[in-house]
1. Quickly run through segment 187-200 and pick out the residues that are surrounded by 13 or more Cβ atoms within 10 Å (Cβ to Cβ) and either more than 16 Å from residue 242 (Cβ to Cβ) or at pLDDT below 90 (or both).
2. List the residue pairs whose Cβ atoms are under 8 Å apart, where the first residue sits in segment 162-179 and is on the phi > 0 side of the Ramachandran plot and assigned by TED's automatic domain parsing to the domain that holds residue 252, the second is surrounded by 13 or more Cβ atoms within 10 Å (Cβ to Cβ) and at pLDDT below 95, and the two are 6 or more positions apart or on different chains.
3. If you check 41, 22, 105, which single one turns out to be closer than 29 Å to residue 257 by Cβ and either in contact with a strand residue (DSSP E or B) (Cβ under 7 Å, 6 or more places away or on another chain) or modelled with pLDDT under 95 (or both)?
4. Mind checking whether some residue in segment 246-254 is outside the structural domain of residue 109 (by TED's automatic domain parsing) and over 22 Å from residue 70 (Cα atoms)?
5. Identify all residues within segment 113-136 that are in contact with a helix residue (DSSP H, G or I) (Cβ under 8 Å, 6 or more places away or on another chain) and crowded, with 16+ Cβ neighbours inside 10 Å; write none if there are none.
């Protein structure tokens with residue numbers, strides 16, 4: 001159990017006892033979720049059970065569903081502490097529910113990897129009430145297994161003409177420097193340009209937001225998949241523009257997929 005006095009000491013006495021008590025309670029609850037029994041029993045549900053709120057909050061559940069979108073990692077403030085999270089949207093554009101990956105579960109999205117159109121089996125997630133209805137929250141026992149791989153993405157850039165929003169696969173040719181916004185201390189306003197190739201041709205990619213964090217750790221020659229990229233015209237050529245709704249996927253799992 002975390003005590004309020006311990007929290008006050010961590011903050012060098014610069015917070016009130018009421019704030020310290022709230023932080024201590026939040027941390028204790030989080031610790032309790034991560035120390036559940038080794039084999040907690042989960043109830044199998046469907047996406048409509050979440051959408052129509054036909055399951056109890058705090059229920060431990062398993063669900064098999066299609067992936068509509070995977071967002072980039074970002075930080076949110078919980079109890080005065082910045083916590084990294086990753087949001088995965090299950091279902092379709094019309095009917096969907098959010099699955100939130102916390103801290104040590106963030107990498108599940110990339111190591112599997114989870115891509116748009118895949119079907120996954122998510123085990124031992126907690127039902128929570130979010131801002132937009134019921135959602136799923138990861139705990140220490142949460143796991144994700146891909147049961148169907150969509151293997152989607154355009155790998156021939158000549159097919160991009162006339163498209164508006166696409167998933168694209170290529171290899172990185174070059175990565176430019178990161179530009180930091182002078183109007184905000186947040187890294188979510190960073191921007192960067194890079195170039196990818198499909199073999200015969202190349203295309204420029206402009207990215208702004210937290211997806212910059214994923215491209216700056218990549219290297220020329222790495223395979224890359226971009227989801228929810230906007231196609232724009234620049235200097236008479238198609239270019240890709242990425243924002244907070246886009247995702248960059250670079251990793252060994254993607255490399256293994258492209259070898260097949």
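The values are calculated or read from the model by the stated rules, or taken from the named source; none is laboratory data. All of these numbers come straight from a predicted model, not from anything done at the bench. Backbone-built Cβ (ideal geometry, glycine too); neighbour counts: all protein chains shown.
1. Listed by number, the residues that qualify are 187, 188, 189, 190, 197, 198.
2. So the pair list comes out empty.
3. Details: 41 fails: closer than 29 Å to residue 257 by Cβ; 22 fails: closer than 29 Å to residue 257 by Cβ.
Residue meeting the stated conditions: 105.
4. Our first condition is that a residue be outside the structural domain of residue 109 (by TED's automatic domain parsing); within segment 246-254, this holds for 246-254.
Cutting the leftovers down to over 22 Å from residue 70 (Cα atoms) gives us none.
Within segment 246-254 (the criterion being outside the structural domain of residue 109 (by TED's automatic domain parsing) and over 22 Å from residue 70 (Cα atoms)), the answer is no, since none of the residues qualifies.
5. Residues satisfying the conditions are 113, 114, 126, 127, 134, 135, 136.
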